[in-house]
Amino acid sequence: MAVSIYGCDKGFEDINENIDDPVVVPSSMMIGTIVRDAMNEMYSTFNGSEIGETWSQHASLIQYNDPDRYKPRVTSMDAMWNIFYRTASNANQMYELAVAEGNETNQGVALVLKAYCFHVITDLYGACPYTEALKGPSEGNFTPAYDDQEVVYAGILDLLNQSMSLLSSGNGEINGDMDIMYAGDASKWLKFAYSLKFRALMRISGVQDVSTELQAVYNSGHLFASNSDEAKLVYLSASPEANPLYESIVAGARGEHKLSETFINALVASNDPRLPVMAQEAANGGYVGKPNGYEESPLAGFGYDDVSPIGANYLLPTAPGYFMSYSELLFLIAEAAKKGYISGGDATAQSYYEAGILNSLTENGVAGEYASFMVPASGVVYNSTDALELIGTQKWIVLFCQGFEAWTEYRRTGFPELTPAAQAYLDEIPSRLKYESTEVSVNGPNYRAVLERQGADELTTKIWWMGN
């Protein structure tokens with residue numbers, strides 16, 4: 001009996017190991033969490049819609065319209081800070097797991113995602129913790145110093161350069177079942193890294209000479225070449241994996257999210273064939289936008305039935321969430337050529353500008369109307385005098401429903417020319433978000449130090465790449 005009892009205990013730990021609860025998580029398993037967390041915040045109606053979409057004047061709010069008047073929810077500003085730092089930390093953890101696996105390909109994926117997170121953070125807030133960030137668990141530093149944006153952007157570009165080398169190594173693979181963006185295709189992650197670098201370089205091109213780097217990226221042969229390359233999360237049809245705009249506006253019946261008069265008027269003025277795709281007719285008839293701002297809620301004549309909702313295709317549960325689209329890249333290349341950052345001048349700028357418009361029309365199912373749209377009467381035909389405004393305005397249109405990116409590109413280029421919201425709390429369109437509300441207490445010395453360099457923690461304080 002004693003021998004039998006002993007025998008039953010031998011190897012107990014091995015026999016009873018739970019294979020569904022691994023001690024070490026495979027690095028590929030983290031891709032889904034990182035990608036979904038990032039997109040869910042960018043497309044949240046409380047964040048990308050109430051802030052980015054209204055400040056870029058794609059959208060306007062019928063009620064609960066303080067964000068439209070430049071008084072955003074503190075919880076929204078806090079959420080973007082906290083979640084993107086958490087997501088950057090997850091990307092960091094993914095990188096460390098991939099290092100332990102000897103999987104250089106997944107190391108590259110992790111660094112692209114980490115770079116994207118800091119790209120979002122610094123564009124929204126300005127200076128931010130970077131070199132000392134994410135070191136709380138490993139080094140016990142829970143009060144990191146803030147780095148100026150110039151330092152953060154140098155770090156972002158370095159992360160992307162590292163990712164390119166790792167993704168090109170051919171050492172290791174991505175589990176396609178766990179990669180919800182590119183299904184394990186390392187070549188597409190490489191294109192994302194190069195395209196994101198092009199965007200990042202353009203973001204700082206007004207304050208640094210980056211023409212050599214832009215030309216090198218342009219010549220690389222690794223930029224997005226079609227819509228199949230673009231970085232996007234295609235959501236699923238069922239909650240809670242559906243697009244957040246669908247979850248909130250359709251399933252959650254948040255009908256206050258309507259279209260801006262500025263956006264509707266711009267599409268109507270050019271007889272843009274995307275209008276019936278990007279907008280629905282108002283319940284009372286016609287395509288009508290609400291002027292941004294105004295204290296009265298609802299504003300007389302602009303109630304729920306008077307204003308056009310967002311286009312039905314953009315509210316589908318399966319509508320994609322974009323990290324970066326091919327159309328956006330085409331317009332960035334057009335701008336770079338026009339400004340002389342890359343070779344080709346007006347001829348190259350016009351080629352990419354027209355390709356950007358055609359690609360956007362194609363995505364919206366109206367490619368057949370390209371020829372009738374590109375006529376002098378529409379006001380969208382390329383000309384060298386107004387090229388930057390034309391490029392900026394068309395990029396603003398293709399960034400519809402990508403609120404934070406639309407607002408950020410407006411802040412960088414100044415196009416289209418927007419009039420600040422009426423009866424707003426501020427007399428100008430905000431330039432940044434305020435820092436996370438507990439930073440003043442939990443990281444006080446570093447918080448106060450950055451304000452001395454960057455300026456007051458206000459929505460109107462210009463950030464570095466705006467030329468402050």
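In the stretch 11-54, which residue that is modelled with pLDDT of 95 or more and among the β-branched types (V, I, T) is farthest from K71 (Cα to Cα)?
Per the stated criteria, the residue is I31.
Working carefully through the options S165, S195, find the one that is under 19 Å from the mean Cα position of the chain (by Cα) and either within 23 Å of L388 (Cα to Cα) or modelled with pLDDT of 95 or more (or both).
When all the criteria are applied, what remains is S195.
Which numbered condition trips up V398, out of (1) over 16 Å from L267 (Cβ atoms); (2) in contact with a Ser or Thr (Cβ under 6 Å, 6 or more places away or on another chain); (3) of a type outside the set (D, E, K, R)?
Every listed condition holds for V398 apart from (1).
Whether any residue in the stretch 302-312 is assigned to a helix (DSSP H, G or I), more than 27 Å from K188 (Cβ to Cβ) and among the hydrophobic types (A, V, I, L, M, F, W, C) is what I want to check.
Checked against the condition, which is being assigned to a helix (DSSP H, G or I), more than 27 Å from K188 (Cβ to Cβ) and among the hydrophobic types (A, V, I, L, M, F, W, C), the stretch 302-312 yields at least one hit.
Of all residues in the stretch 156-183, count the ones that are among the hydroxyl-bearing types (S, T, Y) and either in a loop (DSSP other than H, G, I, E, B) or loosely packed, with under 13 Cβ neighbours inside 10 Å (or both).
Going through the stretch 156-183 one residue at a time, the tally reaches 3.
Which residues, counting only those in the stretch 303-320, are in contact with a Gly (Cβ under 9 Å, 6 or more places away or on another chain) and either surrounded by 21 or more Cβ atoms within 10 Å (Cβ to Cβ) or under 25 Å from M202 (Cβ atoms) (or both)?
Applying the first criterion (in contact with a Gly (Cβ under 9 Å, 6 or more places away or on another chain)) to the stretch 303-320 yields 304, 307-309, 313.
Once the filter is applied, which keeps residues that are in contact with a Gly (Cβ under 9 Å, 6 or more places away or on another chain) and either surrounded by 21 or more Cβ atoms within 10 Å (Cβ to Cβ) or under 25 Å from M202 (Cβ atoms) (or both), the stretch 303-320 yields V307, S308.
Do you know which of the residues in the stretch 254-279 that are buried (at least 18 other Cβ atoms within 10 Å of the Cβ) and of a type in the set (S, T, N, Q) is farthest from A377 (Cα to Cα)?
The qualifying residue farthest from A377 (Cα to Cα) is S260.
Identify, please: which residue in the stretch 425-442 is within 18 Å of S260 (Cα to Cα) and crowded, with 20+ Cβ neighbours inside 10 Å and is, among those, nearest to the chain's Cα centre (by Cα)?
Per the criteria, the residue is P430.
Determine the pairs where a residue that is over 14 Å from G206 (Cα atoms), located within the stretch 399-412, has a partner that is among the hydroxyl-bearing types (S, T, Y) and part of a helix (DSSP H, G or I) with Cβ atoms under 7 Å apart, the partner being 6 or more residues away or on another chain.
So the pair list comes out as C401/Y314; G403/S49.
Which of the residues spanning the stretch 184-193 are under 17 Å from E104 (Cβ atoms) and either part of a helix (DSSP H, G or I) or in contact with an Asp or Glu (Cβ under 6 Å, 6 or more places away or on another chain) (or both)? Don't jump to the end; show me each part of the working.
So the first thing to find is which residues in the stretch 184-193 are under 17 Å from E104 (Cβ atoms), and the list is 184-190, 192-193.
The answer is A186, S187, K188, W189, L190, F192, A193.
Of all residues in the stretch 230-246, how many are surrounded by 20 or more Cβ atoms within 10 Å (Cβ to Cβ) and either without any contact (Cβ under 8 Å) to a residue 24 or more places away in the chain or part of a loop (DSSP other than H, G, I, E, B) (or both)?
Matching residues across the stretch 230-246 total 3.
Which members of the stretch 277-291 meet the condition of being in contact (Cβ under 8 Å) with a residue 60 or more places away in the chain and either closer than 10 Å to V307 by Cβ or part of a loop (DSSP other than H, G, I, E, B) (or both)?
G289, K290, P291
Listed residues Y447, Y425; which is assigned to a loop (DSSP other than H, G, I, E, B) and among the hydroxyl-bearing types (S, T, Y)?
Among Y447, Y425, only Y425 is assigned to a loop (DSSP other than H, G, I, E, B) and among the hydroxyl-bearing types (S, T, Y).
Against the definition (surrounded by fewer than 23 Cβ atoms within 10 Å (Cβ to Cβ) and under 16 Å from S89 (Cα atoms)), how does G136 come out, yes or no?
Details: surrounded by fewer than 23 Cβ atoms within 10 Å (Cβ to Cβ): yes; under 16 Å from S89 (Cα atoms): yes.
So G136 passes the test.
Checking the conditions here, which among L451, L390 is farther than 24 Å from R69 by Cα, modelled with pLDDT of 95 or more, buried (at least 21 other Cβ atoms within 10 Å of the Cβ) and over 17 Å from the mean Cα position of the chain (by Cα)?
Residue meeting the stated conditions: L390.
Does A216 fit the bill of being assigned to a helix (DSSP H, G or I), modelled with pLDDT of 95 or more and surrounded by fewer than 21 Cβ atoms within 10 Å (Cβ to Cβ)?
Answer is yes for this residue.
Just wondering, is there one or more residues in the stretch 94-107 that are within 20 Å of S187 (Cβ to Cβ), of a type in the set (G, A, S), over 18 Å from the mean Cα position of the chain (by Cα) and surrounded by 23 or more Cβ atoms within 10 Å (Cβ to Cβ)?
Within the stretch 94-107, one or more residues are within 20 Å of S187 (Cβ to Cβ), of a type in the set (G, A, S), over 18 Å from the mean Cα position of the chain (by Cα) and surrounded by 23 or more Cβ atoms within 10 Å (Cβ to Cβ).
Among the candidates G379, G403, G356, G365, single out the residue that is in contact with a Gly (Cβ under 6 Å, 6 or more places away or on another chain) and either surrounded by 15 or more Cβ atoms within 10 Å (Cβ to Cβ) or not aliphatic (A, V, I, L, M) (or both). Spell out how you get there, then give the answer.
Details: G379 fails: in contact with a Gly (Cβ under 6 Å, 6 or more places away or on another chain); G356 fails: in contact with a Gly (Cβ under 6 Å, 6 or more places away or on another chain); G365 fails: in contact with a Gly (Cβ under 6 Å, 6 or more places away or on another chain).
Exactly one residue qualifies, and that residue is G403.
The values are calculated or read from the model by the stated rules, or taken from the named source; none is laboratory data. As the structure is a prediction and not an experimental result, all values here were calculated from the model. Methodologically, a virtual Cβ is constructed for each residue, glycine included, from the backbone with ideal geometry; neighbour enumeration extends over all protein chains shown.
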